[in-house]
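Structure, as structure tokens:
What follows draws every value from the coordinates through simple rules; no lab data is involved. What you see is a predicted model; the values in this text were computed from it and never measured. Because the Cβ atoms are built from the backbone with ideal geometry, glycine has one as well, and the counts that use them run over all protein chains shown.
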Amino acid sequence: MFRYILFHKPYGVLSQFTDRQGGRPTLKEYIPVPGVYAAGRLDFDSEGLLLLTNDGSLIRRLTDPRYHVEKTYWVQVEGTPTEAALTQLERGLQFKDYVTRPARARVIPDPNLPPRSKPVTPHGPTCWLEIKIREGKKRQVRHMTAAVGLFALRVVRVAIGRLRLGDLSVGCYRELSAQKIKALLR
């Protein structure tokens, strides 16, 4: 039987059940469900929606860029984005070994998220962006904002396809039925 778990990953937690280096918090401390794995990852210092499942075909569908599943992030950046910076994010950016796919980016009002365990300490004015991407390279959102001159202070994934973080509290999880997953991912 397949299991589907939505988890609100806190800041400073690995997106896996073990820590090879030792000493860092992992999913094991939050999710007492054996045999499930994260469908994609969030960086140690990112937070938000993580889907865990034992359904390998769903993991492939969500993580393989050819399926173009959109992931939505709210990103607090240091600085004020210009129209040119937003346009660059939307067109795609060239990095050493790849070009990002076109994204959607817009300025949003402060989303009034719960405070992070380690407070954000900006050195100037900040702004919130909503960035939607259809791929997921390592630390991609942070690299994208840095490439247009905006340092990412906080990165929160709020959606994977139609799956939304909603009001799920930090560090909490809930199970979804297979029918709910299929309906949300159509």
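Extension gain for Glu70-Gln94 works out to 6.6 nm (0.36 nm per residue, less the C-alpha to C-alpha distance). Select from Leu58, Thr72, Pro34 the residue farthest towards the positive end of the dipole of the chain; place +1 on Cβ of Lys and Arg, -1 on Cβ of Asp and Glu, and compute about the Cα centre. Result: Leu58, furthest along the dipole toward the positive end.
Basic side chains Lys and Arg get +1 at the Cβ, acidic Asp and Glu get -1 at the Cβ, and with that the dipole of the chain about its Cα centre reaches some 560 debye.
Non-local lysine pairs in the chain, meaning eight or more places apart or on different chains, with alpha-carbon distances under 19 Å, amount to 13. Each of Arg162 and Arg41 was given a label point 7 Å from its Cα along the Cα-to-Cβ line. The distance between the two points is 3.0 nm.
In a simple Cβ point-charge model (Lys, Arg +1; Asp, Glu -1; nothing else charged), segment 68-160 has a dipole of about 400 debye relative to its Cα centre. Considering only Phe17, Phe95, Phe151, the Gaussian network model of the chain with Cα springs below 10 Å gives its largest mean-square fluctuation to Phe95.
Using 0.36 nm per residue and subtracting the Cα-Cα separation, the extra length available between Gln179 and Met1 on full extension is 62.8 nm. Normalising the average separation of contacting C-alpha pairs (under 8 angstrom, six or more residues apart) by the number of residues puts the relative contact order of the chain at 31 percent. Here segment 68-160 is treated as a sphere whose radius is the Kirkwood value from Cα pairs; by Stokes-Einstein at 37 °C and 0.692 mPa s it diffuses with a coefficient of 245 µm²/s. Of the residues Thr87, Thr100, the one with the fewest other Cβ atoms within 10 Å heads the list, and the complete ranking is Thr87, Thr100.
Only helices enter this figure: runs of n ≥ 4 DSSP H residues, each worth -39500 (n - 2.57), summed and divided by the residues of the chain, yield -5000 deg cm²/dmol at 222 nm to the nearest 500. A simple spin-label model places pseudo-atoms 7 Å from Cα toward Cβ; at Asn112 and Cys172 they are separated by 1.7 nm.
How fast does the chain diffuse by Stokes-Einstein, in µm²/s, taking the Kirkwood radius from C-alpha pairs at 25 °C and 0.890 mPa s? Estimated via Stokes-Einstein, D reaches 143 µm²/s. Computed from the alpha carbon atoms alone, the convex hull of segment 93-134 holds 150 Å³ per residue.
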